[in-house]
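Below: one structure, written as structure tokens.
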Amino acid sequence: MAFVTTKEMLKEAQKGRYGIGAFNANNMEIIQAIVETAEEEKAPVILQASQGAIKYAGLDSIVAMVKVMADKVNIPVALHLDHGTDYYQNIKCLRAGFTSLMYDGSKLLFDENVGMTKKVVEMAHACDIPVEAELGQIGKMGDSDEPGVALEKVKESMAVPEEAAKFVELTEIDFLAAAVGTIHGCRTPFAKLDIPRIEKIRELTGVPLVLHGASGVNDNEVRKGIAAGICKINIDTRIRMIFTKKMKEMLEENPNQIDPRKILGPAKDASKEIIRDRMRVFGCSGKA
């Protein structure tokens, strides 16, 4: 199946009260793991590339790899820009073949965020491409942060439901990443979602909601978030952790190994199991 946009995919998830996994595509093996597992699970899937991944692999290379994999399967596959903080980066991704965009102006003042997001939406909607935007500031785990300290920081910058409603109305975005208690880069699932806040934002905006930093949220919290209105769930850290752990194990078992395929292949297979587990928790298995 060729690329699809995230618009209809997330509308269906919203109607069906399930979440769709948005997994970060950092290299060829992880891209293969994501798409192969989605096909096996019969799940719609979103692959997303951050600006860091684009710098590492190259914009055209990422699009080409995802497109090759998408053409081989019979499930909906979307390619999304994750945390695009630059207007021109969004244009480049649109021209390269991305089927979903994100403008992240969460560090800007409200009016500035609205203004820049509107520009991206106008450009993307002219090409029938949906746009995600961010409101509030989703936390980021520092190397020295204790869980309690990180959670206190997050509380100070959550999205305000009334502002979210105004933001969606003014920008006409298709889905919203609202800060509701998660933290990027969590290696253990200790983050707590503000479920009443999610419910209120969903009620006031009507758009599918996005959960960033979901690697740091336990399964019960994720399920409650989906029931409250979360439709797109971002996963990156958990895949990185299992991928690199398996690579280390393979090298420890055979330190003289020089064939990268015998190191990266098992890492890919290990990644598939965490991706499969996430899809089943999110409820999107069998929804393609």
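The values are calculated or read from the model by the stated rules, or taken from the named source; none is laboratory data. Source: prediction; values computed, not measured. With ideal geometry, Cβ positions are generated from the backbone for all residues, glycine too; neighbour counts draw on all protein chains shown.
Do you know which residues across segment 147-177 are at pLDDT 80 or above, not in a helix (DSSP H, G or I) and not small (Gly, Ala, Ser)?
If the condition is that a residue be at pLDDT 80 or above, not in a helix (DSSP H, G or I) and not small (Gly, Ala, Ser), then Met158, Val160, Glu172, Ile173, Asp174, Phe175, Leu176 are the ones that fit.
Can you tell me how many residues in segment 158-185 are charged (D, E, K, R) and surrounded by 24 or more Cβ atoms within 10 Å (Cβ to Cβ)?
Narrowing segment 158-185 to residues charged (D, E, K, R): 162-163, 166, 169, 172, 174.
Applying the additional criterion that residues be surrounded by 24 or more Cβ atoms within 10 Å (Cβ to Cβ) yields none.
Within segment 158-185, residues that are charged (D, E, K, R) and surrounded by 24 or more Cβ atoms within 10 Å (Cβ to Cβ) number 0.
Looking at Ile173, Ile198, Ile183, which is the one that is of a type outside the set (S, T, N, Q), touching a strand residue (DSSP E or B) at 6+ places or on another chain (Cβ under 9 Å) and under 25 Å from Ser285 (Cβ atoms)? Quick ask: steps written out before the conclusion?
Details: Ile173 fails: under 25 Å from Ser285 (Cβ atoms); Ile183 fails: under 25 Å from Ser285 (Cβ atoms).
The match here is Ile198.
Pick from segment 79-90 the residues that are farther than 23 Å from Lys11 by Cα and touching a strand residue (DSSP E or B) at 6+ places or on another chain (Cβ under 9 Å): which of them is surrounded by the most Cβ atoms within 10 Å (Cβ to Cβ)? Outline the logic, then answer.
As a first pass, look at segment 79-90 and keep what is farther than 23 Å from Lys11 by Cα: 85-89.
When the remaining residues are screened for being touching a strand residue (DSSP E or B) at 6+ places or on another chain (Cβ under 9 Å), the result is 85-87, 89.
On the way: Thr85: 16, Asp86: 13, Tyr87: 15, Gln89: 19.
Per the stated criteria, the residue is Gln89.
Looking only at segment 61-105, how many residues end up being more than 30 Å from Glu36 (Cβ to Cβ) and more than 16 Å from the chain's Cα centre (by Cα)? Lay out the reasoning, then the answer.
Quick first cut of segment 61-105, residues more than 30 Å from Glu36 (Cβ to Cβ) only: 85-88, 91, 103, 105.
Subset that is more than 16 Å from the chain's Cα centre (by Cα): 86-88, 91, 105.
Selection size over segment 61-105: 5.
Which fully enclosed helices (runs of 4 or more DSSP H) of segment 1-66 have 3 or more residues being among the small types (Gly, Ala, Ser) and within 25 Å of Thr85 (Cβ to Cβ)?
On the way: elements: 6-16, 28-41, 51-57.
Because the criterion is at least 3 residues that are among the small types (Gly, Ala, Ser) and within 25 Å of Thr85 (Cβ to Cβ), the helices (runs of 4 or more DSSP H) in segment 1-66 that meet it are 51-57.
Counting only residues that are small (Gly, Ala, Ser) and surrounded by 13 or more Cβ atoms within 10 Å (Cβ to Cβ), which one in segment 230-288 is nearest to His83 (Cα to Cα)? Show your work before the answer.
Step one: list which residues in segment 230-288 are small (Gly, Ala, Ser), which gives 265, 267, 270-271, 283, 285-286, 288.
After this cut, where a residue has to be surrounded by 13 or more Cβ atoms within 10 Å (Cβ to Cβ) as well, the list is 265, 267, 270-271, 283, 285, 288.
Working: Gly265: 29, Ala267: 26, Ala270: 26, Ser271: 23, Gly283: 25, Ser285: 26, Ala288: 26 Å.
So, considering only residues that are small (Gly, Ala, Ser) and surrounded by 13 or more Cβ atoms within 10 Å (Cβ to Cβ), the one nearest to His83 (Cα to Cα) is Ser271.
What number of residues within segment 200-229 satisfy the criterion of being over 18 Å from Ile20 (Cα atoms), of a type outside the set (Ser, Thr, Tyr) and surrounded by fewer than 24 Cβ atoms within 10 Å (Cβ to Cβ)?
Taking segment 200-229 as the starting set, the residues that turn out to be over 18 Å from Ile20 (Cα atoms) are 200-201, 203-205.
From what's left, of a type outside the set (Ser, Thr, Tyr): 200-201, 203-204.
Add one more test, that the residue is surrounded by fewer than 24 Cβ atoms within 10 Å (Cβ to Cβ), and what stays is 200, 203-204.
Total meeting the criteria: 3.
Residue by residue through segment 68-107, note down the ones that are free of Cβ contacts under 8 Å to residues at least 60 places away in the same chain, part of a loop (DSSP other than H, G, I, E, B) and of a type in the set (Val, Ile, Thr).
Result: Thr85, single match.
Could you please let me know if Glu29 is in contact with a Ser or Thr (Cβ under 7 Å, 6 or more places away or on another chain) and either of a type in the set (Lys, Arg) or in contact (Cβ under 8 Å) with a residue 60 or more places away in the chain (or both)?
Working: in contact with a Ser or Thr (Cβ under 7 Å, 6 or more places away or on another chain): no; either of a type in the set (Lys, Arg) or in contact (Cβ under 8 Å) with a residue 60 or more places away in the chain (or both): yes.
In short, no.
Identify, by number, the condition in (1) among the acidic types (Asp, Glu); (2) touching a helix residue (DSSP H, G or I) at 6+ places or on another chain (Cβ under 7 Å); (3) without any contact (Cβ under 8 Å) to a residue 24 or more places away in the chain that Glu163 doesn't meet.
Single failed check for Glu163: (3).
Among (1) touching a strand residue (DSSP E or B) at 6+ places or on another chain (Cβ under 8 Å); (2) modelled with pLDDT of 95 or more; (3) surrounded by 24 or more Cβ atoms within 10 Å (Cβ to Cβ), where does Ala33 come up short?
Only one criterion is unmet by Ala33, namely (1).
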